[in-house]
Amino acid sequence: MKEIRIAIAGVGNCASSLIQGLFYYKNFEGDNIPGLMHPVLGGYKISDIKVVAAFDIDKRKVGKDLSEAIFAPPNCTKVFCKDIPKIGVKVKKGCVLDGVAEHMKSYPDDKSFVVSDEKEVDIVDELKNSNTEILINYLPVGSQKATEYYAECALKAGCAFINCIPVFIASDEKWRKRFEEEKLPIIGDDVKSQIGASILHRTIARLIELRGCVIDRSYQLNFGGNTDFLNMLERNRLSSKKISKTEAVNSVLKNKLNYENLHIGPSDWVPWLKDNKISYIRIEGRKFGDVPFEIDIKLSVEDSPNSAGCVIDAIRLAKIALDRKIGGALIAASAFLMKHPPIQIPDEEAKIMVENFIEGKIEK
């Protein structure tokens with residue numbers, strides 16, 4: 001199979017986990033490999049994925065080889081593959097726009113972003129010159145203008161786009177149509193974790209309804225110590241994040257919960273947790289005879305590898321669509337891998353659709 005040439009916008013913790021994974025799994029063989037949903041997907045192995053361009057705004061990353069930049073501050077995710085050779089890709093200065101929240105300047109440099117003085121590069125030229133096929137958006141939550149800018153660059157450069165954050169591109173009709181017209185695939189929006197709060201919450205909520213019970217109220221509270229949680233202390237950046245996470249759960253319920261009875265969102269930043277994310281989920285409802293029940297769950301996960309476990313599949317699904325000259329939102333991939341897809345589909349159904357897409361039984 002041909003290699004899959006990707007570029008990354010935002011060399012943070014999620015990018016670090018993804019790139020570590022490319023080397024960690026490079027020589028694995030077999031069909032049952034821990035941590036992977038598809039060791040081989042549509043004929044593509046993980047070793048077929050090649051990073052050819054990367055963009056960031058932090059002075060501790062810009063100008064460095066990507067193999068070094070992924071371990072530079074303020075990145076703090078778990079290092080599970082430390083011996084990464086030089087990749088030969090220098091991190092270039094991307095656009096800032098709304099990518100850095102104002103309050104981040106009030107925090108220590110090792111916890112926050114330090115904007116580089118380097119000149120911003122022409123993203124479209126960089127994508128074209130590197131022959132990038134797929135651009136992955138890993139910008140901070142709330143980067144509305146910056147995400148739209150990179151989506152525009154992908155269109156101009158002829159790249160597929162994987163939108164891992166809660167800015168609505170794949171789920172926006174106008175953006176969707178533009179990618180479809182250019183015959184460029186898009187997967188989005190807001191990546192689900194392999195085993196995270198949203199996927200766990202929606203799975204349990206759906207199970208409760210399937211068993212004939214009623215959910216009266218529920219909450220999901222999350223906190224962690226990485227820059228994502230620090231960034232989200234600015235509540236004005238969270239409107240789309242709250243919509244995305246809430247719809248991910250409410251969409252699987254026949255009896256929808258109103259705003260008062262379903263609360264989902266980030267709670268706080270605890271620096272010493274680093275990339276560890278703590279989630280508390282509570283569900284209150286009624287079963288046979290209107291007898292009440294309560295469920296309380298605590299989830300503790302390293303946040304960024306959780307994302308990479310899904311993006312590793314999104315990359316190969318986008319490549320299959322490029323090979324087949326399919327443009328627009330990939331419905332199955334987005335529904336299975338993203339919190340706010342164009343169409344919400346129960347996970348078990350979306351999984352079957354993804355397998356059918358891989359086999360060419362459905363177009364998208």
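The values are calculated or read from the model by the stated rules, or taken from the named source; none is laboratory data. Predicted model, so just to flag it, every value in this text is computed and none were measured. Neighbour counts run over all protein chains shown; Cβ positions are idealised from the backbone, glycine included. Side chains are part of the model used for accessible areas, which takes the heavy atoms of the whole protein and leaves out ligands, DNA and RNA. Shrake-Rupley method; radii C 1.70, N 1.55, O 1.52, S 1.80 Å.
If you wrap the tightest convex hull around every Cα atom of segment 268-347 and split its volume per residue, you get 146 Å³. Connecting C-alpha atoms closer than 10 Å in a GNM of the chain, tell me which of Asp109, Asp189, Asp65 has the biggest fluctuation. The residue that fluctuates most here is Asp109. Where Rh is the Kirkwood radius over the Cα pairs of segment 153-261, the temperature 20 °C and the viscosity 1.002 mPa s, what D in µm²/s does Stokes-Einstein return? The diffusion coefficient I find is 134 µm²/s. Classify segment 205-364 as rounded, prolate or oblate from the Cα gyration tensor: take a ≥ b ≥ c as the square roots of its eigenvalues, call it rounded if a/c is under 1.5, otherwise prolate when a/b beats b/c and oblate if not. Oblate, since a/c reaches 1.5 and b/c is not below a/b.
Among the protein heavy atoms, those of Val291 account for about 70 Å² of accessible surface (1.4 Å probe, every chain in place). Solvent-accessible area per residue in segment 1-140 equals 47 Å², computed with a 1.4 angstrom probe and all protein chains kept. With each label modelled as a point 7 angstrom along the Cα→C-beta vector, the Asn261-Arg282 pair spans 1.6 nm. More than 17 Å apart: what percent of Cα pairs in segment 158-202 qualify? Value for segment 158-202 (Cα pairs over 17 Å): 39 percent. Volume per residue for segment 304-364 equals 79 cubic angstrom (convex hull of Cα atoms).
With a Cα-only, solvent-free Debye model of segment 1-65, what are the log10 I(q)/I(0) values at q = 0.17 Å⁻¹? Calculated log10 I(q)/I(0) at the listed q: -0.67. Wrap a convex hull around the Cα atoms of segment 79-200, take a quarter of its surface area, and give that in square nanometres. Result: 9.9 nm². Measuring between alpha carbons in the structure, the pairs from Lys82/Lys242; Lys50/Lys277; Lys119/Lys242; Lys50/Lys156 lying more than 32 angstrom apart are Lys82/Lys242; Lys119/Lys242.
For segment 73-131, a Kirkwood hydrodynamic radius built from all Cα pairs, placed in the Stokes-Einstein relation at 37 °C and 0.692 mPa s, yields a translational diffusion coefficient of 228 µm²/s. Applying 0.36 nm per residue to the separation of Lys242 and Asp296 and subtracting their alpha-carbon distance, the gain on full extension is 17.4 nm.
Taking Met37, Met338, Met353 as the candidate residues, the one with maximal mean-square fluctuation in a Gaussian network model of the chain, Cα springs under 10 Å, is Met37.
Computed extension length for Lys50-Arg235: 63.0 nm, one decimal, from 0.36 nm per residue of separation with the Cα-Cα distance subtracted. Given that just one value was derived from the coordinates, which of (i) 23.3; (ii) 24.1; (iii) 20.7 is Kirkwood radius over Cα pairs in Å? Of the listed options (i) 23.3; (ii) 24.1; (iii) 20.7, (iii) comes from this structure. Scanning residues 5 or more positions from Ile49 or on other chains, those with amide H under 5 Å from its amide H are Ile4, with H placed 1.01 Å from N in the peptide plane. Considering only Gly188, Gly289, Gly265, the Gaussian network model of the chain with Cα springs below 10 Å gives its largest mean-square fluctuation to Gly289. The value of relative contact order for segment 36-114, using C-alpha pairs under 8 Å at least six residues apart, is 35 percent. Could you compute how fast segment 131-197 diffuses translationally, taking Rh as the Kirkwood radius over C-alpha pairs and applying Stokes-Einstein at 25 °C with viscosity 0.890 mPa s? Give it in µm² per second. Rounded to a whole number, D works out at 205 µm²/s.
Model label sites at Asp268 and Val214, defined 7 Å from Cα along the beta-carbon direction, differ in position by 3.5 nm. The label-point distance for Thr203 and Glu29, in a model that sets each label 7 Å from Cα toward Cβ, rounds to 3.1 nm. Of the DSSP H helices in the chain, none is both long (alpha-carbon extent of 15 Å or more along the helix axis) and hydrophobic (Kyte-Doolittle mean at least 1.0).
On the chain, 51 percent of the accessible area sits on carbon and sulfur atoms, based on a 1.4 Å probe. For the chain, the 222 nm mean residue ellipticity estimated from helices alone, with every DSSP H stretch of n ≥ 4 adding -39500 (n - 2.57) and the total spread over all residues, rounds to -9500 deg cm²/dmol.
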